[in-house]
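A short write-up of the structure that comes next.
The values are calculated or read from the model by the stated rules, or taken from the named source; none is laboratory data. Just so you know, these numbers come straight off a predicted model, no measurement behind them. Methodologically, a virtual Cβ is constructed for each residue, glycine included, from the backbone with ideal geometry; neighbour enumeration extends over all protein chains shown. Accessible surface areas use protein heavy atoms only, side chains included; no ligands, DNA or RNA. Shrake-Rupley method; radii C 1.70, N 1.55, O 1.52, S 1.80 Å.
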Amino acid sequence: CTDFSPTMVDIARRRGDELGLTNVEYRVLDAERIELLDDSVDGVLCRCGYMLMPDPAASLAETQRVLRSGGRVALAVWREAERNPWISIVGCMLLERGHVPPPEPGAPGMFTMARDERVRELVEGAGLTLVRLEEVPVLFVYESLDEYVRRARDTGGIFAQVWREVPDGEREEMESQLASAFKPFEVGEGYEFPGLALCASAQKD
């Protein structure tokens, strides 16, 4: 189980301990320069990671290098922003308020691998054979706005940073703005947000 961030690896290790897992090794690794031998692993799983890497093509090429012949990589990324309001609404709010700059073309981000063509281009460009590509719907359920904010804050990322740094008055304004934007997704006193992932399976010949 690997991540570029030591903090994330520590979190994974603690979670593994909670689950009683004894057959997992946790390592800090750079996906663009994987410190493993050629042809050394049977499979690679990457959930919502390649899209956030500075050079996903290099990362997938490294994945191909460490896979044994016949080995598989399974990856998940997010579809377009408009199909994932659970996160895009917050992103738009932070952009409007000047807390994040407009995304630069080609920069890593949540939706940079949203299209089938982009995933296929990267996978096949790395020398892998695309076996399967399909959409997977997800549903994010929150009991209240407070729960949404708490979970977004605890997950980390740019929202957590902004929330920590802005004054109390702006936090109240942001909560009000979110409550208004979330109205189409109200269910009782809480919210249900649809989401859509794109998942791919590829093989090393």
Restricting attention to region 3-17, the residues that are open to solvent by less than 80 Å² (accessible area, probe 1.4 Å) and of a type in the set (Ser, Thr, Tyr) number exactly 1
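Any chance region 88-105 includes a residue that's in contact with a strand residue (DSSP E or B) (Cβ under 9 Å, 6 or more places away or on another chain) and touching a residue at least 60 places away in the same chain (Cβ under 8 Å)? Even if it seems obvious, please write down each step before you answer.
Step one: filter region 88-105 for residues in contact with a strand residue (DSSP E or B) (Cβ under 9 Å, 6 or more places away or on another chain), giving 89.
If we keep only those that are touching a residue at least 60 places away in the same chain (Cβ under 8 Å) too, we end up with 89.
For region 88-105, residues in contact with a strand residue (DSSP E or B) (Cβ under 9 Å, 6 or more places away or on another chain) and touching a residue at least 60 places away in the same chain (Cβ under 8 Å): present.
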With the requirement that a residue be open to solvent by less than 100 Å² (accessible area, probe 1.4 Å) and farther than 22 Å from Leu60 by Cβ, what does region 24-33 give you? Val24, Tyr26
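Scan region 63-72 for residues that are open to solvent by 30 Å² or more (accessible area, probe 1.4 Å) and closer than 25 Å to Ala114 by Cα and jot them down. Spell out how you get there, then give the answer.
First pass over region 63-72, keeping only residues open to solvent by 30 Å² or more (accessible area, probe 1.4 Å): 64-65, 68-70, 72.
Across region 63-72, the qualifying residues are Gln64, Arg65, Arg72.
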Within region 13-27, of all residues that are in a loop (DSSP other than H, G, I, E, B) and touching a residue at least 24 places away in the same chain (Cβ under 8 Å), the one nearest to Asp3 (Cα to Cα) is Tyr26
Please go through region 155-183 and give me each residue that is farther than 25 Å from Gly109 by Cα, of a type in the set (D, E, K, R) and modelled with pLDDT of 95 or more, ordered by number. Glu170, Glu172, Glu173, Lys183
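Run down Arg132, Arg164, Arg153 and say which single residue is within 30 Å of Val66 (Cβ to Cβ), among the basic types (Lys, Arg) and open to solvent by 20 Å² or more (accessible area, probe 1.4 Å).
Details: Arg164 fails: within 30 Å of Val66 (Cβ to Cβ); Arg153 fails: within 30 Å of Val66 (Cβ to Cβ).
The unique qualifying residue is Arg132.
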So which of Leu75, Leu21, Leu36, Leu94 is more than 16 Å from the chain's Cα centre (by Cα) and open to solvent by less than 40 Å² (accessible area, probe 1.4 Å)? Leu94
Members of region 62-88 that are over 15 Å from Gly157 (Cα atoms) and of a type in the set (A, V, I, L, M, F, W, C): Val66, Leu67, Val73, Ala74, Leu75, Ala76, Val77, Trp78, Ala81
Can you tell me which of (1) of a type outside the set (Val, Ile, Thr); (2) within 21 Å of Trp86 (Cβ to Cβ); (3) surrounded by 15 or more Cβ atoms within 10 Å (Cβ to Cβ) is the one Ser176 doesn't meet? (3)
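Being of a type in the set (A, V, I, L, M, F, W, C) and either touching a His at 6+ places or on another chain (Cβ under 7 Å) or surrounded by 15 or more Cβ atoms within 10 Å (Cβ to Cβ) (or both) is the filter here, so list the residues in region 45-57 that pass it. Explain how you work it out, then say what you get.
Start the filter on region 45-57 by keeping residues that are of a type in the set (A, V, I, L, M, F, W, C), which leaves 45-46, 48, 51-53, 57.
Result: Cys46, Met51, Leu52, Met53, Ala57.
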Within region 141-150, can you find the residues that are open to solvent by 60 Å² or more (accessible area, probe 1.4 Å) and either within 14 Å of Ile89 (Cβ to Cβ) or hydrophobic (A, V, I, L, M, F, W, C) (or both)? Val141
